[in-house]
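Report on the structure given below.
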Amino acid sequence: MKDEKYYGTNLQEVKLSPIKTNGFILDLGGGGEGIIGKLNGRQVVAIDMREEELQEIKNDALKIVMDARNLKFLPESFDICTSFFSLMYIPESDHVKVFKEVYQVLKSNRKFLIWDVEIPEKQKGYDIFVVQLKIFLPNEEIETGYGVKWDKQQNSEYFKKLAKETGFKLINEWHKDKIFYLEMVKNV
């Protein structure tokens with residue numbers, strides 16, 4: 001809407017390399033730029049609820065219209081699951097369901113990787129929160145922004161708590177300005 005006011009972060013930088021795995025990677029919310037698919041190509045199964053987001057992708061990932069709250073894969077189908085600035089779009093009330101679904105489709109002792117942004121308390125006068133990113137891939141740089149209606153807060157501590165509650169064990173993390181990365185393993 002044209003009357004909405006946007007609050008944007010400073011430009012946040014993320015440097016990525018291909019994810020090391022011999023198996024398949026499930027990328028939650030993998031539409032739009034299709035970052036994970038650009039990194040790992042045909043190893044990636046990119047899901048998104050919006051078909052138009054998947055049609056924008058310019059990579060070799062398999063693209064499937066699917067809801068992360070109801071994954072239609074057999075148990076233990078994937079070696080890695082990723083969420084690249086996607087959880088911010090999912091209502092907080094659905095996060096537990098998403099984590100449980102991911103846990104079910106991951107193989108034992110395999111990883112769930114999350115990149116996302118700290119969303120602070122809403123500032124008066126703003127309607128939309130936007131994280132501005134510069135993404136460095138091995139052969140490409142992408143400048144983009146991901147915005148959501150500013151009706152919630154989120155931080156890495158929230159996702160770490162959720163991970164523990166759903167059976168994941170945190171094994172690595174980093175924070176850089178407003179963004180964070182969490183690497184967790186399916187604990188069996």
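Key figures for this structure:
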read-out: Subset of the stretch 165-181 [in contact with a helix residue (DSSP H, G or I) (Cβ under 6 Å, 6 or more places away or on another chain) and crowded, with 18+ Cβ neighbours inside 10 Å]; value: Thr166, Phe180
read-out: Sole residue being charged (D, E, K, R), within 13 Å of the chain's Cα centre (by Cα) and open to solvent by 10 Å² or more (accessible area, probe 1.4 Å), chosen from Asp48, Asp67, Asp60; value: Asp48
read-out: Matching residues in the stretch 56-112 - criterion: being charged (D, E, K, R) and either in contact (Cβ under 8 Å) with a residue 40 or more places away in the chain or within 19 Å of Lys160 (Cα to Cα) (or both); value: Arg69, Asp79, Glu92, Asp94, Lys97, Lys100, Glu101, Lys107, Arg110, Lys111
read-out: Some residue of the stretch 113-123 being in contact (Cβ under 8 Å) with a residue 24 or more places away in the chain, part of a helix (DSSP H, G or I) and buried (at least 22 other Cβ atoms within 10 Å of the Cβ); value: no
read-out: Identity of the residue in the stretch 1-34, among the aliphatic types (A, V, I, L, M) and open to solvent by 10 Å² or more (accessible area, probe 1.4 Å), that ends up farthest from Lys111 (Cα to Cα); value: Met1
read-out: Residue satisfying all of: in the stretch 78-96; more than 15 Å from the chain's Cα centre (by Cα) and more than 21 Å from Leu54 (Cα to Cα); surrounded by the fewest Cβ atoms within 10 Å (Cβ to Cβ) among these; value: Ser93
read-out: Every residue from the stretch 1-60 that is of a type in the set (A, V, I, L, M) and out of contact with any Gly (no Cβ under 7 Å at 6 or more places or on another chain); value: Met1, Leu11, Val14, Leu16, Ile19, Ile25, Leu26, Leu28, Ile35, Leu39, Val45, Met49
read-out: Residue in the stretch 152-164 that is modelled with pLDDT under 95, part of a loop (DSSP other than H, G, I, E, B), of a type outside the set (S, T, N, Q) and open to solvent by less than 60 Å² (accessible area, probe 1.4 Å) present; value: yes
read-out: Leu137, sole failed condition from (1) more than 26 Å from Leu71 (Cβ to Cβ); (2) touching a strand residue (DSSP E or B) at 6+ places or on another chain (Cβ under 8 Å); (3) crowded, with 16+ Cβ neighbours inside 10 Å; value: (2)
read-out: Hits in the stretch 35-45 - residues which are of a type in the set (D, E, K, R) and surrounded by 13 or more Cβ atoms within 10 Å (Cβ to Cβ); value: Lys38
read-out: Strands (runs of 3 or more DSSP E) wholly inside the stretch 1-111 containing at least 1 residues that are under 23 Å from Val131 (Cβ atoms), modelled with pLDDT of 95 or more and β-branched (Val, Ile, Thr); value: 12-15, 25-28, 44-48, 78-84
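The values are calculated or read from the model by the stated rules, or taken from the named source; none is laboratory data. Note that the structure is a prediction, hence the values are computed from the model and not measured. Here Cβ is always computed from backbone atoms with ideal geometry, including for glycine, and neighbour counts include all displayed protein chains. Surface accessibility is based on the protein's heavy atoms, side chains included, excluding ligands, DNA and RNA. Shrake-Rupley method; radii C 1.70, N 1.55, O 1.52, S 1.80 Å.
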